[in-house]
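Input: a single structure, listed below in structure tokens.
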Amino acid sequence: MSRRLPPTVWHAAVSVVLLISVVTACASPEQAGTGSAGGGTRITLGFSAWPGWLPWQVAEEEGLFKKNGVDVELKYFDSYTDSLNALATGKIDANSQTLNDTLASVAGGAKQSIVLVNDNSTGNDQIIARPGISSLADLKGKTVAAEQGTVDHYLLLLALEKAGLTEADVKFQPLATDAAAAAFVSGQVDAVGVFAPFTTTALKLKGSRAIATSTDFPGAIPDHLVVTRDLISRDAKAVQALVKTWFDTTAWIAANRPKAMEIMAKRDGVGVPDYESYDKGTTVFSLEQNRQAFGGDLANQAKRISDFLVSTKLVDSAPPLDGLIAPQFVQGVQP
């Protein structure tokens, strides 16, 4: 499972799936999209195996959606890519996904809005180098692998910039994340940009170490709850209840951490100790952190990532940012 989808692939896919959406929209209510239950809007919510998204599993098992009066069908995707496709085609109403992928989707014509910051990566995305490479400056002239267009490619460019280098100063090898980690361990490349759990794979190379992580670039890799603008138009109150449920869930996790870790580790298919290690590299955002992000930080990151997507020719033109950020829902949560 890859949490990160190359925008070159996603942008093309969106153009196709949006055509499908037009056809679907012409179908009868019984044939198209999600429906209503008990007179209220049923929200189909997608999520995947990233630590910042797994609290949704806790929300379901502990009845927190129902507590907030929102009818949610929680849908887990083994393939993150499938969740992006599902949101674009209207098969689901909401999804947890990266800012990079949301911007690529919007650039392709999708009408989506960010209503919540789930988390920021604070260590789970890393640039890992072989023995003998001890700094970012040492990457000059070396072969570095990452999945093109992903947040780890973005992290690599930020790290190179910090060291006074550009991608032209290294031999960039575009590889899928799992293949990049494997190539690094086998000695085919000198460094690699990967996210957890592929960080664990890469660090199996004896003497290797992370020379840059997402911790070094606060706010650069945010993950969000993204909803269709149609859902906001149809039932803004349901969206508000969904956002409220998130904060109730994080509060429940804080008060019941051992049980919460078991629920999330089970959903992730790993043991609790492994899940704990991944959890440490993810900073789940509080309500106050959300309000700060929606106050300006999120817009700044969106502009910067948009520029990255355009400069690397991963999208044809900058995604329209109007309507992308919907701050009213975190602002409407009562502490």
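Every number here is computed from the coordinates shown, using simple stated rules; none is lab data. Given the structure is predicted, the values throughout are model-derived calculations rather than measurements. Glycine gets a Cβ as well: all are built from the backbone with ideal geometry, and neighbour counts include every protein chain shown.
Separation of region 102-144 from region 220-244 is 24 Å, based on Cα centroids. Once the gyration tensor of the Cα atoms in the chain is diagonalised, the equivalent ellipsoid follows with semi-axes of 33, 23, 18 Å, ordered largest first. Averaging the sequence gap over all C-alpha pairs within less than 8 Å and six or more residues apart, then dividing by the number of residues, gives the chain a relative contact order of 26 percent.
Positive-end ranking of Ala212, Val243, Val58 along the dipole of the chain, with charges on Cβ about the Cα centre, is headed by Ala212. Of all aspartates and glutamates in the structure, those lying under 15 Å Cα to Cα from Lys67, and not within fewer than 8 positions of it along the same chain, are Asp248. Antiparallel beta bridges, as assigned by DSSP with both residues in region 125-216, represent about 60 percent of the total such bridges. Answer rounded, prolate or oblate for region 125-216, using the Cα gyration tensor with square roots of eigenvalues a ≥ b ≥ c: rounded when a/c is under 1.5, else prolate when a/b is larger than b/c, else oblate. Note, shape of region 125-216 comes out rounded. Within the chain, DSSP assigns beta bridges of which about 65% are antiparallel (rounded to the nearest 5).
Which value, in debye to the nearest 20, gives the size of the charge dipole of the chain about its Cα centre, when Lys and Arg are +1 and Asp and Glu are -1 at the Cβ? Working shown, then result.
On the way: 29 positive and 35 negative charges, 37 e Å.
Dipole of the chain, to the nearest 20 debye: 180 debye.
For a straight C-alpha distance cut-off of 21 angstrom, the lysines reachable from Lys204 (same-chain residues fewer than eight places away being disregarded) are Lys142, Lys280.
Dividing the summed -39500 (n - 2.57) terms of all DSSP H runs of n ≥ 4 by the residue count of the chain sets its mean residue ellipticity at 222 nm at -12500 deg cm²/dmol.
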